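Below is one structure, written out as C-alpha cells; comments come after it.
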Amino acid sequence: MKIGFYLNNTGHDLIDFSHPENGNPGIRGTEYMIWEIACGLGVEFAEVYLFAPYPASMPATVTAVKCGDELDALEKAKRLDVDIMVLRSLENQKEVFRAIDRCGVKCVMWSHNLETVALADAMADCRYVRRNVCVSRQQYERLRDHPVFEKSTYIYNALVFSSIPREVPRAVDKKNVVTYIGTLEAYKGFHALAHVWPEIKKKVPDAVLYVLDSEDRGRLIAAGDDARLTEYEKDIRRSLSDERGELLPGVTFEGCQRGSVKEATIMKTKVGVANPGGVEEFCVTAVEFEAYGVPVVAKRSFGLLETVCDRKTGILIKNERQLADAVVRLLCDDGLCDVMGTQGSQYVREHFDMPLIIEDWKKVLTEVYEDLPVKPDYRCTYPFFNYKWLRELSRLWKKTPFGRNSPSVMKYEK
C-alpha cells in the first residue's frame, strides 16, 4: 500500500524533521500531527510519501517529495501510483476537490478544524473523497445531520509519551506559575486569560504568567510597539498593562520554545491554561500539560470535553468569571493540583499515546484501500452541547419523505 501525506511546512525550512521519536520539533499542532502520523505509518505498515515544500530533513521512514501545494502533490501522487492521499481539509478548496476527482486518487480529508457547510458539501459530493477524519468525537457528532457524516469518522490526535518523564515535581515544590501555550489569535482564546489576569494577581500576588506562542508575536506585544500590533494584540497589551502602560510584573512572553527548554517551562508550571476562550477541536496543548502532571483550565468546547476530564484532570469553564476562579482555586490548593495532575498523566497515556492512534489510522486506511463502507456511529454524547439534540432530531427528520431535502443545522450556525 502506498500512502501519501501533504505537509505544508512553509516557514519551517530550518526545522529538523528527522527525529519524530523526540516529539514536536517546534511547529503548530496540526502540522506536527501530519508529520508524526505519516512517519509512524512508514514503520512496517505502508510505503509512505511525504509531499512538502521543504522535504530535505525528513526521516528514512518516509519518501520525501518536494512539491508546491496540494494540487502539485496530487499530480505527483498520481504519477507515483499512490493508493491513498491524506490531505488537510480547508475552506475554499474547490480546485483541490476537482483535482481529486480528475486524478482519481482515493483521498482521506483530515479535518483539524470545524467543517463549514460549504466544505462538508464539497467533501460529500467529491467521488474520490472516501473519508473525512475528525479529530474528536464532538466534532464528528456535529456532522450527524449532514450527508458527509456517511463518510466521516474520528481519530484523536496524539503525543509521543516515551520522551516524557513519569516522575514530575509536586505542586507544593512549585511556585505559582501559570503557563499558556498557543498562538495569540482570537480562536485560541488567550484574550480571556489576559482580561482576568489582573484579578488573578490581586488574589494570588506572587502568581506569574508565562506565554508561549509559536509565532513569536508575544515579543511584539511585550515591546508595546502599537504600529506593529493588530487590534487583537493591542487589547491583550492593554489588559496586561498597569496604569502607566507598563507590562504587569510577572508576565513574560517567552515566544516559541522547543525541546528541553519547553519541557522545563511545563515542569515548573502549577496551572496550565489551554484555549480558555475560543473553539478547540482537540487541543494537543491540553494533553501536553496533562502528560507532565499539570492540571488544565480550558474552555468547555468540542475536543476539550474529551482531552480534559472536568474536575478530574482539570477544570472546564464557560466564561471569564469561571476562568479566574478556576485558576485561583488551583493555585491555592496544592493537593488538588497533585490529584488532578496524577489523574491527567494516566488518562492521556491511556487515550492519546501515539502507538494507539497509529493503529486507528491503520484501520481507517485499510478500510479505504479495500473500499469498505463507513459504519456511522449514531450514539449521542453530551446531547445538550452545541445543540446536538437538535442535530439528532434533524437527522431523523431528514429520513422522512417530508424532510429529505431539509438543510443541516450547520447552515444556521454563525
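Considering only residues that are of a type in the set (Phe, Trp, Tyr) and touching a Phe, Trp or Tyr at 6+ places or on another chain (Cβ under 7 Å), which ones fall in segment 34-48?
Selection gives 35 alone.
State all residues of segment 194-218 that are touching a Phe, Trp or Tyr at 6+ places or on another chain (Cβ under 9 Å) and either part of a loop (DSSP other than H, G, I, E, B) or farther than 16 Å from residue 278 by Cβ (or both); if no residue qualifies, say none.
Hits for segment 194-218 are 207, 209, 210, 212, 213, 216, 218.
Name the single residue that is modelled with the lowest pLDDT among those in segment 90-133 being surrounded by fewer than 18 Cβ atoms within 10 Å (Cβ to Cβ), outside any loop (DSSP other than H, G, I, E, B) and of a type in the set (Lys, Arg).
The qualifying residue modelled with the lowest pLDDT is 94.
Scan segment 297-308 for residues that are in a loop (DSSP other than H, G, I, E, B), touching an Asp or Glu at 6+ places or on another chain (Cβ under 7 Å) and crowded, with 24+ Cβ neighbours inside 10 Å and report the count.
2
Out of (1) farther than 22 Å from residue 42 by Cα; (2) surrounded by 13 or more Cβ atoms within 10 Å (Cβ to Cβ), what's the single condition that is false for residue 373?
(2)
Anything in segment 386-414 that is in a helix (DSSP H, G or I) and surrounded by fewer than 16 Cβ atoms within 10 Å (Cβ to Cβ)? List them, or say none.
387, 389, 390, 393, 396, 397, 411, 412, listed by residue number.
Out of 113, 92, report the one residue that is on the phi > 0 side of the Ramachandran plot and not charged (D, E, K, R).
92
Only residues that are of a type in the set (A, V, I, L, M), out of contact with any strand residue (DSSP E or B) (no Cβ under 8 Å at 6 or more places or on another chain) and touching a residue at least 24 places away in the same chain (Cβ under 8 Å): list them for segment 241-278, please.
267
In the same structural domain as residue 334 (by TED's automatic domain parsing) and either surrounded by fewer than 16 Cβ atoms within 10 Å (Cβ to Cβ) or among the hydrophobic types (A, V, I, L, M, F, W, C) (or both): which single residue out of 224, 218 fits that description?
It is 224.
If I ask for residues that are in contact with a Phe, Trp or Tyr (Cβ under 9 Å, 6 or more places away or on another chain) and buried (at least 22 other Cβ atoms within 10 Å of the Cβ), which ones from segment 309-326 would you list?
Those that are in contact with a Phe, Trp or Tyr (Cβ under 9 Å, 6 or more places away or on another chain) and buried (at least 22 other Cβ atoms within 10 Å of the Cβ): 313, 314, 324.
Look at segment 267-296 and say how many of its residues are surrounded by fewer than 23 Cβ atoms within 10 Å (Cβ to Cβ) and in a helix (DSSP H, G or I).
Residues flagged as surrounded by fewer than 23 Cβ atoms within 10 Å (Cβ to Cβ) and in a helix (DSSP H, G or I) within segment 267-296 amount to 1.
Report yes if some residue within segment 63-82 is among the small types (Gly, Ala, Ser), over 24 Å from residue 352 (Cβ atoms) and in contact with a Lys or Arg (Cβ under 9 Å, 6 or more places away or on another chain); otherwise report no.
Within segment 63-82, one or more residues are among the small types (Gly, Ala, Ser), over 24 Å from residue 352 (Cβ atoms) and in contact with a Lys or Arg (Cβ under 9 Å, 6 or more places away or on another chain).
Results for (1) part of a helix (DSSP H, G or I); (2) assigned by TED's automatic domain parsing to the domain that holds residue 141; (3) under 18 Å from the mean Cα position of the chain (by Cα); (4) more than 27 Å from residue 277 (Cβ to Cβ), shown as yes or no for each residue.
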| position | (1), (2), (3), (4) |
| --- | --- |
| 326 | yes, no, no, no |
| 337 | yes, no, no, no |
| 365 | yes, yes, no, yes |
| 375 | no, no, no, yes |
| 379 | no, no, no, yes |
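The values are calculated or read from the model by the stated rules, or taken from the named source; none is laboratory data. This one's a predicted model, so the numbers in the text were calculated from it and none came from an experiment. Neighbour counts are summed over all protein chains in view; Cβ atoms, including those assigned to glycine, are modelled from backbone coordinates with ideal geometry.
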